Amino acid sequence: MVQYYLPMGMRYSTLEERRQFYTGNFSPQKAAEWFHQGLGRTKFAVIIGRHTKIYPQKYKQDASTTIIIDEYQTIRDVQTQILEFLPEAVYYDRNVYDANDRKVGQELAFDLDPENITCPIHGTLADKMKQLQGLSFCELELEMVKKEAVGLYGFLSERFDDVRAVYSGRGFHLHVLDSNAYILTVEERLELSKEVKLVGFHIDEWVTSGEMRLIRLPYSLNGLVSRIVLPLTKQDLETFDPIHDPRCLPRFLREATTF
Ligand SMILES: [Zn+2]
(Lines give C-alpha, C1' and ligand atoms only; values in the text may rest on other atoms or scores of the structure.)
Protein backbone atom coordinates (compact mmCIF):
# COMPACT_ATOMS: atom_id res chain seq x y z
CA MET A 1 0.00 0.00 0.00
CA VAL A 2 1.24 3.48 -0.87
CA GLN A 3 1.97 5.68 2.13
CA TYR A 4 0.70 9.22 1.76
CA TYR A 5 2.89 12.00 3.00
CA LEU A 6 1.13 14.40 5.36
CA PRO A 7 2.17 17.38 7.48
CA MET A 8 3.83 16.50 10.77
CA GLY A 9 1.44 15.07 13.35
CA MET A 10 -1.32 14.36 10.84
CA ARG A 11 -2.29 10.74 10.38
CA TYR A 12 -5.26 8.38 10.05
CA SER A 13 -7.43 7.97 13.15
CA THR A 14 -7.94 4.43 14.44
CA LEU A 15 -11.42 2.97 14.99
CA GLU A 16 -10.95 3.32 18.74
CA GLU A 17 -10.00 6.98 18.34
CA ARG A 18 -13.08 7.61 16.18
CA ARG A 19 -15.16 5.99 18.92
CA GLN A 20 -13.55 8.13 21.63
CA PHE A 21 -14.01 11.26 19.55
CA TYR A 22 -17.71 10.78 18.81
CA THR A 23 -18.42 9.64 22.35
CA GLY A 24 -16.82 12.42 24.35
CA ASN A 25 -15.14 15.02 22.18
CA PHE A 26 -17.73 15.71 19.45
CA SER A 27 -20.27 18.40 20.29
CA PRO A 28 -23.64 17.60 18.68
CA GLN A 29 -24.86 20.95 19.99
CA LYS A 30 -22.21 22.92 18.10
CA ALA A 31 -22.75 20.85 14.96
CA ALA A 32 -26.49 21.61 15.13
CA GLU A 33 -25.80 25.33 15.61
CA TRP A 34 -24.01 25.40 12.26
CA PHE A 35 -27.48 25.11 10.69
CA HIS A 36 -28.76 28.59 11.42
CA GLN A 37 -32.24 27.89 10.12
CA GLY A 38 -32.42 24.70 12.18
CA LEU A 39 -31.75 21.17 10.97
CA GLY A 40 -34.98 21.06 8.96
CA ARG A 41 -34.77 18.11 6.59
CA THR A 42 -30.99 18.16 6.38
CA LYS A 43 -29.54 14.82 5.31
CA PHE A 44 -26.27 13.62 6.73
CA ALA A 45 -23.87 11.08 5.24
CA VAL A 46 -20.90 9.01 6.31
CA ILE A 47 -18.09 7.20 4.54
CA ILE A 48 -16.69 4.49 6.75
CA GLY A 49 -13.34 3.57 5.23
CA ARG A 50 -13.04 4.46 1.54
CA HIS A 51 -9.59 6.06 1.76
CA THR A 52 -8.22 4.76 5.05
CA LYS A 53 -9.41 1.15 4.60
CA ILE A 54 -10.10 1.29 8.32
CA TYR A 55 -13.63 0.05 9.14
CA PRO A 56 -15.51 -2.20 11.54
CA GLN A 57 -15.40 -5.75 10.13
CA LYS A 58 -19.18 -5.99 9.98
CA TYR A 59 -19.24 -3.07 7.51
CA LYS A 60 -16.56 -4.44 5.19
CA GLN A 61 -19.02 -4.53 2.25
CA ASP A 62 -20.05 -0.92 2.79
CA ALA A 63 -16.66 0.51 3.71
CA SER A 64 -16.46 2.62 0.54
CA THR A 65 -20.17 3.38 0.20
CA THR A 66 -21.68 6.78 0.92
CA ILE A 67 -24.29 6.01 3.57
CA ILE A 68 -27.08 8.57 3.92
CA ILE A 69 -28.50 9.33 7.36
CA ASP A 70 -31.92 10.92 6.94
CA GLU A 71 -34.00 9.18 9.57
CA TYR A 72 -33.50 10.93 12.87
CA GLN A 73 -35.37 13.14 15.30
CA THR A 74 -32.51 15.08 16.85
CA ILE A 75 -28.82 15.63 16.26
CA ARG A 76 -28.22 13.11 19.08
CA ASP A 77 -29.79 10.39 16.93
CA VAL A 78 -27.31 11.34 14.21
CA GLN A 79 -24.49 11.02 16.74
CA THR A 80 -25.76 7.56 17.70
CA GLN A 81 -25.68 6.45 14.05
CA ILE A 82 -22.19 7.90 13.58
CA LEU A 83 -21.07 5.85 16.59
CA GLU A 84 -22.55 2.75 14.97
CA PHE A 85 -20.58 3.21 11.74
CA LEU A 86 -17.39 4.81 13.18
CA PRO A 87 -16.71 6.53 9.83
CA GLU A 88 -13.57 8.21 8.53
CA ALA A 89 -15.73 11.13 7.37
CA VAL A 90 -19.10 12.74 8.13
CA TYR A 91 -20.88 15.03 5.68
CA TYR A 92 -24.13 16.87 5.23
CA ASP A 93 -26.10 17.31 2.04
CA ARG A 94 -26.15 20.97 0.90
CA ASN A 95 -29.42 20.39 -0.92
CA VAL A 96 -32.51 21.81 0.73
CA TYR A 97 -35.55 19.52 0.49
CA ASP A 98 -39.26 20.12 0.89
CA ALA A 99 -41.74 17.83 2.65
CA ASN A 100 -41.99 15.68 -0.50
CA ASP A 101 -38.24 15.22 -0.64
CA ARG A 102 -37.97 17.50 -3.64
CA LYS A 103 -34.86 19.65 -3.95
CA VAL A 104 -35.80 23.30 -3.56
CA GLY A 105 -32.36 24.86 -3.26
CA GLN A 106 -28.72 24.28 -2.47
CA GLU A 107 -26.21 25.97 -0.23
CA LEU A 108 -23.40 27.52 -2.28
CA ALA A 109 -19.92 26.31 -1.30
CA PHE A 110 -16.33 26.42 -2.48
CA ASP A 111 -13.73 23.76 -1.79
CA LEU A 112 -10.02 24.60 -1.72
CA ASP A 113 -7.78 21.54 -1.47
CA PRO A 114 -3.99 21.49 -1.06
CA GLU A 115 -3.40 18.80 -3.69
CA ASN A 116 -4.53 21.24 -6.40
CA ILE A 117 -1.78 23.65 -5.40
CA THR A 118 1.45 23.47 -7.36
CA CYS A 119 4.11 22.92 -4.72
CA PRO A 120 7.75 23.99 -5.16
CA ILE A 121 8.76 20.60 -3.70
CA HIS A 122 6.05 18.15 -4.81
CA GLY A 123 4.99 19.74 -8.09
CA THR A 124 1.55 19.82 -9.74
CA LEU A 125 -1.40 17.54 -9.09
CA ALA A 126 -0.35 15.57 -12.19
CA ASP A 127 3.13 15.06 -10.70
CA LYS A 128 1.58 13.89 -7.44
CA MET A 129 -0.81 11.53 -9.26
CA LYS A 130 2.13 10.00 -11.10
CA GLN A 131 3.66 9.19 -7.72
CA LEU A 132 0.24 7.87 -6.55
CA GLN A 133 0.17 10.76 -4.09
CA GLY A 134 -3.06 12.42 -5.20
CA LEU A 135 -4.29 12.67 -1.61
CA SER A 136 -1.01 13.76 -0.11
CA PHE A 137 -0.13 17.30 0.85
CA CYS A 138 2.58 19.11 2.77
CA GLU A 139 2.76 22.03 5.19
CA LEU A 140 3.80 24.39 2.43
CA GLU A 141 0.75 23.48 0.35
CA LEU A 142 -1.46 23.87 3.40
CA GLU A 143 -0.08 27.36 4.00
CA MET A 144 -0.56 28.27 0.33
CA VAL A 145 -4.12 26.98 0.30
CA LYS A 146 -4.85 29.00 3.44
CA LYS A 147 -3.72 32.18 1.67
CA GLU A 148 -6.10 31.30 -1.17
CA ALA A 149 -8.90 30.83 1.35
CA VAL A 150 -8.25 34.32 2.75
CA GLY A 151 -8.28 35.73 -0.79
CA LEU A 152 -11.43 33.88 -1.82
CA TYR A 153 -13.15 34.99 1.38
CA GLY A 154 -12.45 38.59 0.35
CA PHE A 155 -13.59 37.97 -3.23
CA LEU A 156 -16.89 36.41 -2.12
CA SER A 157 -17.50 39.07 0.54
CA GLU A 158 -17.75 41.66 -2.23
CA ARG A 159 -20.82 39.86 -3.60
CA PHE A 160 -22.39 38.14 -0.63
CA ASP A 161 -23.19 39.17 2.94
CA ASP A 162 -22.88 35.90 4.84
CA VAL A 163 -19.67 34.04 3.96
CA ARG A 164 -18.30 31.40 6.37
CA ALA A 165 -14.92 29.72 6.37
CA VAL A 166 -14.31 26.19 7.60
CA TYR A 167 -11.03 24.32 7.99
CA SER A 168 -11.75 20.88 6.53
CA GLY A 169 -8.72 18.99 7.84
CA ARG A 170 -7.04 19.02 4.42
CA GLY A 171 -7.98 22.42 3.08
CA PHE A 172 -10.70 25.00 3.47
CA HIS A 173 -14.35 25.37 2.59
CA LEU A 174 -16.15 28.65 2.04
CA HIS A 175 -19.91 28.55 2.53
CA VAL A 176 -22.26 31.26 1.32
CA LEU A 177 -25.39 31.42 3.45
CA ASP A 178 -27.16 34.35 1.74
CA SER A 179 -30.70 33.30 0.91
CA ASN A 180 -30.36 34.41 -2.73
CA ALA A 181 -27.36 32.08 -3.14
CA TYR A 182 -29.53 29.02 -2.39
CA ILE A 183 -31.57 29.54 -5.53
CA LEU A 184 -28.74 30.00 -8.04
CA THR A 185 -29.10 27.75 -11.09
CA VAL A 186 -26.44 25.21 -12.04
CA GLU A 187 -25.43 27.50 -14.93
CA GLU A 188 -24.99 30.44 -12.59
CA ARG A 189 -22.91 28.31 -10.23
CA LEU A 190 -20.71 27.12 -13.11
CA GLU A 191 -20.31 30.71 -14.27
CA LEU A 192 -19.27 31.78 -10.79
CA SER A 193 -16.78 28.93 -10.42
CA LYS A 194 -15.30 29.75 -13.83
CA GLU A 195 -14.85 33.32 -12.71
CA VAL A 196 -13.25 32.28 -9.42
CA LYS A 197 -10.82 30.00 -11.26
CA LEU A 198 -9.91 32.76 -13.71
CA VAL A 199 -8.90 34.95 -10.77
CA GLY A 200 -6.52 32.12 -9.85
CA PHE A 201 -8.22 30.21 -7.03
CA HIS A 202 -7.78 26.42 -7.13
CA ILE A 203 -11.33 25.34 -6.32
CA ASP A 204 -12.98 22.02 -6.95
CA GLU A 205 -15.62 22.86 -9.57
CA TRP A 206 -17.78 19.85 -8.67
CA VAL A 207 -18.53 21.30 -5.27
CA THR A 208 -19.46 24.76 -6.50
CA SER A 209 -21.56 23.48 -9.42
CA GLY A 210 -23.42 21.29 -6.95
CA GLU A 211 -22.67 17.98 -8.65
CA MET A 212 -20.87 17.01 -5.43
CA ARG A 213 -23.46 18.09 -2.93
CA LEU A 214 -21.96 16.61 0.23
CA ILE A 215 -19.65 18.70 2.38
CA ARG A 216 -17.91 17.93 5.64
CA LEU A 217 -19.95 18.48 8.77
CA PRO A 218 -18.39 21.21 10.95
CA TYR A 219 -17.07 19.84 14.27
CA SER A 220 -16.84 16.30 12.90
CA LEU A 221 -13.55 14.40 12.73
CA ASN A 222 -11.52 14.23 9.53
CA GLY A 223 -10.23 10.69 10.05
CA LEU A 224 -7.65 10.97 7.27
CA VAL A 225 -5.63 13.55 9.17
CA SER A 226 -7.03 13.40 12.73
CA ARG A 227 -8.25 16.98 12.76
CA ILE A 228 -11.58 18.52 13.81
CA VAL A 229 -13.47 20.29 11.02
CA LEU A 230 -13.49 23.84 12.36
CA PRO A 231 -15.45 26.99 11.44
CA LEU A 232 -13.18 30.07 11.45
CA THR A 233 -13.85 33.80 11.43
CA LYS A 234 -12.05 35.91 8.82
CA GLN A 235 -9.51 37.08 11.42
CA ASP A 236 -9.06 33.51 12.67
CA LEU A 237 -8.41 32.32 9.15
CA GLU A 238 -5.48 34.68 8.57
CA THR A 239 -3.48 33.48 11.57
CA PHE A 240 -4.76 29.90 11.73
CA ASP A 241 -2.16 27.15 12.22
CA PRO A 242 -3.80 23.79 11.43
CA ILE A 243 -0.79 21.83 12.69
CA HIS A 244 -0.88 23.20 16.23
CA ASP A 245 -4.18 25.01 16.86
CA PRO A 246 -5.67 23.16 19.86
CA ARG A 247 -9.22 23.84 18.64
CA CYS A 248 -8.79 21.45 15.73
CA LEU A 249 -6.84 18.82 17.66
CA PRO A 250 -9.00 15.92 18.84
CA ARG A 251 -8.52 15.03 22.51
CA PHE A 252 -6.89 11.70 21.65
CA LEU A 253 -4.03 13.60 19.99
CA ARG A 254 -3.74 16.28 22.65
CA GLU A 255 -3.43 13.63 25.32
CA ALA A 256 -1.08 11.52 23.26
CA THR A 257 2.10 13.49 22.86
CA THR A 258 4.22 16.29 21.75
CA PHE A 259 1.75 19.10 21.00
ZN1 LIG B 1 4.35 19.94 -1.24
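The values are calculated or read from the model by the stated rules, or taken from the named source; none is laboratory data. Quantities reported herein were computed from a predicted structural model and do not represent experimental measurements. Every residue, glycine among them, receives a Cβ derived from its backbone with ideal geometry; neighbour counts consider all protein chains shown. To get the accessible areas, we keep the full protein, side chains included, count just its heavy atoms, and leave off ligands, DNA and RNA. Shrake-Rupley method; radii C 1.70, N 1.55, O 1.52, S 1.80 Å.
A few points about this structure:
- Whole-number D in µm²/s for the chain (Stokes-Einstein; Kirkwood sum over Cα pairs; 37 °C, 0.692 mPa s): 174
- Considering all different alpha carbon pairs of region 1-137, the Kirkwood hydrodynamic radius works out to 17.2 Å.
- Lysine pair count for the chain [Cα-Cα under 23 Å; pairs on different chains or 8 or more apart]: 15
- The chain, accessible surface, carbon-and-sulfur percent (1.4 angstrom probe): 52
- Highest mobility in the GNM of the chain, judged by mean-square fluctuation with C-alpha springs under 10 Å and restricted to 133, 61, 106, is found for 61.
- Ordering of 10-23, 65-78 by packing is 10-23, 65-78, highest average first (other Cβ atoms within 10 Å, averaged per residue).
- Each 10 Å bin from zero up to the one holding the largest Cα-Cα distance in region 181-259 carries the following percent of pairs: 16, 32, 32, 15, 4.
- Prolate/oblate/rounded label for region 122-223 (Cα gyration tensor, a/c 1.5): prolate
- Once the 1.4 Å probe is applied to the protein heavy atoms, the chain comes out at 49 Å² accessible per residue.
- Most positive-pole-ward Cα, 152, 246, 223, against dipole of the chain from beta carbon charges: 223
- Exposure ranking of 234, 128, 60 by accessible area [1.4 Å probe, largest first]: 60, 234, 128
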